[in-house]
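A quick write-up on the structure given underneath.
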Amino acid sequence: MANKTWFLSPDFTFLPEGQIALGRIIPSPRQPTTALTSLADHPTITLPETQSIIQKNCSFSTEKSRSFGFKLFAKFLEIANAKVDVSLYKSQSFSTVDHEVRAYSGTFTTETLKAIVALDSVKKHIDSGRFGKRRVYIISGIRVAQQSFTVTDQKKKQVAASLGISGSMPVAAAPDVVGIKISNDLNHEATNSYETAPGIVFAYQLHVIRSKDIGEEGELFSDRTAFFSGEAEDEIEEIEIAKVDRAVLREDLDEQLDGYSEKWFEGIDDESYIVSKNSS
């Protein structure tokens, strides 16, 4: 079963043979450009075959919005009520282009996984965890824009303020009720756009190598490969490789899931991309 989850590139300047490339081992989904090592530098490690397909007319957008309000109370006449409502909106859209999807099409064998976790930089990272063994991530798929495309960033801010005053004032022998309401709206909107170079990495996919005892076996993952690691004097621990999606991130103790949001591709069935707070 194909991996349907993509991570949006932190920016749109990376080439597919550069910092975001197939086979790079990274410490975190947030750090696709920080490599522990690249499997391209270890030709003796056998990797799955690479598959490449073209998807036509891909376009999508992401947006965030939130609003909040607060009230201020003061004694003026009898009651003065001030209310401020603030609405924030942020969106990013990408014009339509063709994408080349490059990904590993086969499974990672036991021998391949053993060779990866035995690499010095990878082993050092795995053993540095605060809560046991840390995970490592393999860039296992990339989505490459075939043409230049337009990135449009839009930000809106709306502030609505109102002041209501009510009270009693003596008129002749009987009090009368007076009321005053003052309101004001402030809107600010900014739109920026730019053209990317053709052939840049738009998004990437990940597999994770982790301890198998994390998570509920058989529910989240297909295409899993597991093996035992550790030297004879060490504790034997079973390791697995799995596709990364939002559910996998939720189980990673080193990742803060509230920094991510998940959106759906427009025009591509059953595929989503995950946007890190560092990417938008």
Query raised in the report: Does Ala103 meet the test of being of a type in the set (A, V, I, L, M), at pLDDT 90 or above, in a strand (DSSP E or B) and more than 18 Å from Pro10 (Cα to Cα)?
Result: yes
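Okay, residues lined up against (1) assigned to a strand (DSSP E or B); (2) modelled with pLDDT of 80 or more; (3) of a type in the set (Asp, Glu):
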| residue | (1), (2), (3) |
| --- | --- |
| Phe60 | yes, no, no |
| Ser67 | yes, no, no |
| Leu113 | no, yes, no |
| Ile116 | no, yes, no |
| Lys124 | no, yes, no |
| Gly132 | no, no, no |
Query raised in the report: Any chance region 160-178 includes a residue that's at pLDDT 90 or above and surrounded by 14 or more Cβ atoms within 10 Å (Cβ to Cβ)?
Result: no
Query raised in the report: For region 190-247, what are the residues that are at pLDDT 90 or above, polar (S, T, N, Q), assigned to a loop (DSSP other than H, G, I, E, B) and more than 30 Å from Lys156 (Cβ to Cβ)?
Result: none
Query raised in the report: Failed condition for Ala82, given (1) in a loop (DSSP other than H, G, I, E, B); (2) modelled with pLDDT under 90; (3) surrounded by 14 or more Cβ atoms within 10 Å (Cβ to Cβ); (4) more than 24 Å from the chain's Cα centre (by Cα), with all others met?
Result: (1)
Query raised in the report: Taking region 9-32 as the region of interest, how many residues are under 21 Å from Val151 (Cα atoms), of a type in the set (Val, Ile, Thr) and crowded, with 18+ Cβ neighbours inside 10 Å?
Result: 1
Query raised in the report: If you go through region 24-64, how many residues are more than 20 Å from the chain's Cα centre (by Cα) and under 20 Å from Ile209 (Cα atoms)?
Result: 15
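The values are calculated or read from the model by the stated rules, or taken from the named source; none is laboratory data. Values in this document were obtained by computation on a predicted structure and should not be read as measured data. Neighbour counts are summed over all protein chains in view; Cβ atoms, including those assigned to glycine, are modelled from backbone coordinates with ideal geometry.
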